[in-house]
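Everything on this sheet refers to the single structure shown next.
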Amino acid sequence: MTPSPLDRLALYFGAESTRQGLLARATLGVPAPGDPQLGRTLAAELDASIRSDGTVAGAALPTIWRIHELRDLGRGGADPAVATLTRRVLGMQGEPGAFGEGCDRERHAQRVCEHYVQGFFSPAPPTVRLAPVTFPNGKAFRAEPAARFALSCLALRAALRTNTAGLPTIDLHLRSLSTVASGWRSWKGYFAPDVIVAGMHALALAGPQHRPTVASLVGLVAASQEPSGNWPNADFFQTLEALMATELPAARDVVRRAVPSLEGRQRVDGTFGVAAQQERALIGLRALLWSDGGCT
């Protein structure tokens, strides 16, 4: 009997001593006896690589991602390590190099200049080139403005996960992002699809006042979906991940239509390729369960 896609993923993650393996088993409802201790061990290992300056490897992306990793492992916003990382990330807001700096006629018309975009995080000074940068979910941003925008959205998500919602600077970022997102009407416009998806994911965590904008973006993603379930010029797994974050019924319908394409990408070992192998397998697992009415 041929194993189902979920069976393959359960076998793949069954003995993995990784954050993704831990989360996958919890999602499937089949935790291993040693998983509680594994979670503590993994978190302690992540703690140990945080530098005295509050960064991971002295770079923005691993520092921001470390907040997500620790939160996934059950560390709260008041945890000393999480608090240290959060202070460092919050210190990036409004620094030189943030998306939206400066103004010209075209950017002003698109509402992506400093008159509309404020409160974004700066992952590096403007003299430092970041792109191409590959995110933990395997998505590579190759254009510099897109990379800075997406990194700021990832940082915003981290901040929202550490009980900083309500801070004036975070609210400013959210208002600016919502203003920009309100102009997203086309999958082929000024903003690349993957940038739209990154913004939707951040706004999905932002509270009820931003739900109408999120619902509108889900509608745009739905309208742009191909009969195959894919999205043109957009990373498949990043899009699934963002849709699930919205928790909207309409998004579940879109993910459900993507399942045949997801299953078609699966390898015999349960994974979906070599890029970000475990992270994408975890996204795929959650998408299969969520599309069927389960939790993420």
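The values are calculated or read from the model by the stated rules, or taken from the named source; none is laboratory data. The structure displayed is predicted, hence computed values, not measured ones. Don't worry about glycine lacking a Cβ; one is built from the backbone with ideal geometry, like all the others, and counts go over all protein chains shown. Ligands, DNA and RNA are stripped out before the accessible areas are found, and what is left, the full protein with its side chains, is counted by its heavy atoms. Shrake-Rupley method; radii C 1.70, N 1.55, O 1.52, S 1.80 Å.
Global size of region 12-160: 17.7, 60 Å for Rg and Dmax (C-alpha atoms, Rg to one decimal, Dmax whole).
Principal axis analysis of the Cα atoms in the chain yields extents of 62, 49, 34 Å, listed in decreasing size. Note on Leu172 and Val268: the model spin-label points, each 7 Å out from Cα along the C-beta direction, lie 5.6 nm apart. For region 151-296, with all protein chains present and a 1.4 Å probe, just round the carbon and sulfur fraction of the accessible area to a whole percent. It is 53 percent, rounded to a whole number.
As a calculated quantity, the FRET efficiency between Met1 and Gln277 at R0 = 22 Å, using C-beta atoms, amounts to about 0.30. Of the trypsin sites (Lys or Arg not before Pro) found in region 158-204, those in coil by DSSP whose Cβ has at most 15 other Cβ atoms within 10 Å are Arg185, Lys188. Evaluating 6.51 cos²θ - 1.76 cosθ + 1.60 at θ = phi - 60° for every residue in region 49-60, the Karplus couplings come out as 9, 7, 6, 5, 7, x, 10, 10, 6, x, 10, 5 Hz, glycine and proline recorded as x. Across region 174-258 the C-alpha pair distances fall into 10 Å bins from zero in the proportions 19, 59, 21, 1 percent.
Charge tally around Asn233: other residues with Cβ under 13 Å, Lys/Arg +1 each, Asp/Glu -1 each, net 0. Here the relative contact order of region 48-165, from alpha carbon pairs under 8 Å that lie six or more residues apart, stands at 26 percent.
Think of the chain as having a plus end and a minus end, set by charges on the Cβ of Lys, Arg, Asp and Glu; of Pro31, Pro80, Ala158, Ala158 sits farthest toward the positive end of this dipole. The calculated FRET efficiency for the pair Ser52 and Val128, based on their C-beta separation and a Förster distance of 22 Å, comes to about 0.50. For the chain, the relative contact order comes to 16 percent (Cα pairs under 8 Å, sequence separation of at least 6). Using a cutoff of 8 angstrom between alpha carbon atoms and counting only pairs six or more residues apart, the relative contact order for region 168-296 works out to 20 percent. Shown in residue order for region 201-214 are the 3J(HN,Hα) couplings computed by the Karplus curve 6.51 cos²θ - 1.76 cosθ + 1.60 at θ = phi - 60°: 4, 5, 5, 4, 9, 8, x, x, 5, 9, 4, x, 5, 4 Hz (x for Gly and Pro). Distance from the alpha carbon centroid of region 202-277 to that of region 58-126 works out to 24 angstrom. Karplus-derived 3J(HN,Hα) values for region 143-154, using 6.51 cos²θ - 1.76 cosθ + 1.60 with θ = phi - 60°, are 8, 4, x, 5, 4, 5, 4, 5, 5, 5, 5, 5 Hz; glycine and proline are entered as x. Amide H contacts for Ala140 (H built 1.01 Å from N in the peptide plane; partners 5 or more residues away or on another chain; cut-off under 5 Å): Phe135. Given R0 = 45 Å, the distance between the Cβ atoms of His108 and Asn163 translates into a calculated FRET efficiency of 0.80. Working note: 222 nm ellipticity from helices only, DSSP H runs with n ≥ 4, each -39,500 (n - 2.57), summed and divided by the residues of the chain, gives -17000 deg cm²/dmol to the nearest 500.
In loop segments of region 156-264 as defined by DSSP, the chymotrypsin sites (Phe, Trp or Tyr not before Pro) with at most 16 further C-beta atoms inside 10 Å of their C-beta are Tyr190.
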